[in-house]
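Right, one structure below, let's go through it.
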Amino acid sequence: MIYFDNSATTKADPEVVSTYDKVSEKIWGNPSSLHQFGEEAFNLLEQSRKQIADLLGASQSEILFTSGGTEGDNWVVKGTAIEKRQFGNHLITTAIEHPAIHNSMEQLKQLGFEVTYLPVDEHGRISIDDLKAAIRPTTILVSIMAVNNEIGTIQPLKEAAEVLKDYPKIHFHIDAVQGIGKGIQDLIMNDRVDFVSFSGHKFHAPRGIGFIYARRGRKIAPLLTGGGQERNLRSGTENLPAIAAMAKALRLLLTDEKQKVAKEAEIKQRIFDHVKKFPLVTTFSEDNDGFAPHILCFAIQGVRGETIVHAFEEQGIYISTTSACSSKKHLASSTLTAMHIPEKLSTSAIRISLDDHNTLAEADEFNKVFDQLYDKFKILSA
């Protein structure tokens, strides 16, 4: 089996699973309990928080645990809207965000908030001039994803940060779910960002766990109220086994990050150079520093994406159409639509997404199978 769908989810690392199991078996007390068993759980909770903070160059108090990227995105968008509603009702994001951002914005519009969706160019990238023009006196949030989950475009985060330095009261949020461990941490954890959302299952941690970075001094309203966990900002008994496992996963991810990123880029390049030679292939991802090293999106004209996915699946190779969240809905890619790619072509798009466990040998096998399938696809597209 060749698994090229790592942007959808990743396999939990054996060391991460071991940590999860050990904590589940030995430190299963409630971190809020007063007795020694609860104290042990609390200490491990805070050790995990500190480890994550240290890896990101943040303070321990700036890491808040969530159930994953969707909750993190919802929390920052809606929490900002609630907290800052007396100061303004305008939010800015991009036309190519994950549904966790887009749908949150649409919900807020129903409550009277105003949203500006920044357009993207043919590379899937926003214009900083458009960002500058969109800012109003009533703007309270700018939310931009670090890496597009469908084609891998890296957004101009540092340039956006420079613009927002002139507007210190606006919250700046980055969705880094696809960006962590991809060699762009300096862009993500820049000196202006206020909130960053992360999802554990994208970097070999268990599902159902994530965290946000929340800059000290920035306030957002809680969405989950109750027992007052996470500094009274996110109530609910902490999932300690998953939190400890996620801290381990992040440490493993960022160990030798440069070499891992180079390896992913080499695999992507091997496949990119091969498929782009075929006349029916249109590539949407590019082979330059403006795109993440692990995502390659292309289409075979005249063949629907799900047909391509299943053809490769029969050969033991697992890829996706565009995003996992929309693949079963048979919809055109929202990113490609925003890039003004015709629907007939965008519905043919597929995505390969890599991680450091993939190999050049797997890329060569993919290319070999691609050659075999391409002749069949030519007939379908005729």
Picking from 289, 273, the residue that is acidic (Asp, Glu), more than 19 Å from residue 358 (Cα to Cα) and surrounded by fewer than 15 Cβ atoms within 10 Å (Cβ to Cβ) would be 289
The condition of being at pLDDT 95 or above, among the acidic types (Asp, Glu), loosely packed, with under 15 Cβ neighbours inside 10 Å and farther than 30 Å from residue 19 by Cα holds, among 306, 314, only for 314
Residue pairs within 7 Å by beta carbon, gap of at least six or interchain, first lying in segment 176-187 and without any contact (Cβ under 8 Å) to a residue 40 or more places away in the chain, second part of a loop (DSSP other than H, G, I, E, B), listed first then second, are 176/146
Per the filter on segment 57-71, residues at positive phi and touching a strand residue (DSSP E or B) at 6+ places or on another chain (Cβ under 9 Å) are 68
With the first residue restricted to segment 127-138 and required to be under 15 Å from residue 156 (Cβ atoms), and the second required to be at pLDDT 95 or above and assigned to a helix (DSSP H, G or I), Cβ contacts under 8 Å at 6 or more apart or on different chains are 128/159; 128/160; 128/163; 131/160; 131/163; 132/163
Flagged pairs (Cβ under 6 angstrom, 6 or more apart or on separate chains; first in segment 235-251, under 9 Å from residue 205 (Cα atoms); second in a helix (DSSP H, G or I) and modelled with pLDDT under 95) are none
In segment 266-303, anything in a loop (DSSP other than H, G, I, E, B), of a type in the set (Asp, Glu) and farther than 20 Å from residue 334 by Cα is listed as 287, 289
Within segment 24-46, restricting to residues that are assigned to a helix (DSSP H, G or I) and in contact (Cβ under 8 Å) with a residue 40 or more places away in the chain, the one that is surrounded by the fewest Cβ atoms within 10 Å (Cβ to Cβ) is 24
By residue number, the members of segment 97-124 that are over 10 Å from residue 338 (Cα atoms) and in a loop (DSSP other than H, G, I, E, B) are 97, 98, 111, 112, 113, 123
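The values are calculated or read from the model by the stated rules, or taken from the named source; none is laboratory data. Since we're looking at a predicted model, the values are computed, not measured. Every residue, glycine as well, gets a Cβ built from its backbone with ideal geometry; the counts of neighbours run over all protein chains shown.
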